[in-house]
Amino acid sequence: MVSSALTSASRKKSGMINLDIVVIDAGLRRRIARARVGHLATSDRTTPALVPVCFVLLGETVYQAIDGKPKSVDPGQLRRVKNVRANPRAALLIDHYVEDWRRLWWVLMRGRARIIDRGPEQERAIAALRKKYPQYRTTVPLPADALVIAIDLRRIRQWRSAAAGRGRAPRSGRRA
């Protein structure tokens with residue numbers, strides 16, 4: 001568990017960074033761009049909801065679209081969409097888990113969410129999602145009129161194993 005009461009020195013030593021303003025350095029942007037799945041957290045102010053999503057980061061905004069996979073309800077009636085309309089506070093958690101715990105990391109991005117159903121910003125988001133995920137161009141179409149959830153980032157918190165970035169761990173069966 002990560003405590004928000006850590007001192008600056010212990011935060012730096014533990015590898016955790018907590019930014020109250022959005023400053024995303026190039027290394028973190030690369031990790032976020034390479035990640036394939038994020039976990040979108042929303043709430044209607046009473047009940048939290050969490051759903052795995054495909055996403056893309058453009059500038060200081062994270063985008064997620066309602067794709068063409070079969071849904072039990074109309075896209076506008078999905079829990080995440082209704083939650084954003086009721087309560088714009090949202091978060092996206094991206095984590096990287098591997099058995100070599102020296103390579104673990106996560107980033108929690110929080111901000112104000114909006115539903116975008118048309119216009120240049122929606123078009124840019126859909127184009128970027130199609131570029132990142134080939135499935136949106138082939139297997140599971142992403143309609144041009146898809147609803148997009150945008151999260152304008154306000155706060156980022158990240159953690160990375162203290163050993164991360166200090167060279168690759170030896171592969172099993174090979175000497176270090």
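General remarks:
- For the stretch 57-75, taking the residues that are β-branched (Val, Ile, Thr) and in a loop (DSSP other than H, G, I, E, B), the one that is nearest to PRO141 (Cα to Cα) is identified as ILE66.
- When the stretch 131-154 is filtered for residues that are part of a helix (DSSP H, G or I) and out of contact with any strand residue (DSSP E or B) (no Cβ under 9 Å at 6 or more places or on another chain), the ones remaining, listed by number, are PRO134, GLN135.
- Applying the condition of being among the β-branched types (Val, Ile, Thr) and within 19 Å of the chain's Cα centre (by Cα) to the stretch 112-145 and asking which residue is surrounded by the most Cβ atoms within 10 Å (Cβ to Cβ) yields ILE126.
- Top-ranked residue of the stretch 24-59 - restricted to ones that are over 10 Å from the mean Cα position of the chain (by Cα), touching a residue at least 12 places away in the same chain (Cβ under 8 Å) and under 14 Å from ALA128 (Cβ atoms), ranked as surrounded by the most Cβ atoms within 10 Å (Cβ to Cβ): LEU58
- Strands (runs of 3 or more DSSP E) contained entirely in the stretch 1-56, each with at least 1 residues that are at pLDDT 90 or above and at negative phi: 38-43, 48-53
- Pairs are defined by a Cβ separation below 9 Å, a sequence spacing of at least 6 or placement on different chains, a first member in the stretch 126-150 that is basic (Lys, Arg), and a second member that is surrounded by fewer than 14 Cβ atoms within 10 Å (Cβ to Cβ) and assigned to a loop (DSSP other than H, G, I, E, B); the pairs so defined are ARG130/ARG137; LYS131/ARG137; LYS132/ARG36.
- Across the stretch 82-111, the qualifying residues are those that are assigned to a loop (DSSP other than H, G, I, E, B) and of a type in the set (A, V, I, L, M), and the one among them that is surrounded by the fewest Cβ atoms within 10 Å (Cβ to Cβ) is VAL98.
The values are calculated or read from the model by the stated rules, or taken from the named source; none is laboratory data. The shown structure was predicted, so the numbers you read here are calculated from the model rather than taken from an experiment. As a convention, Cβ positions derive from the backbone with ideal geometry for all residues, glycine included, and neighbour counts pool all protein chains shown.
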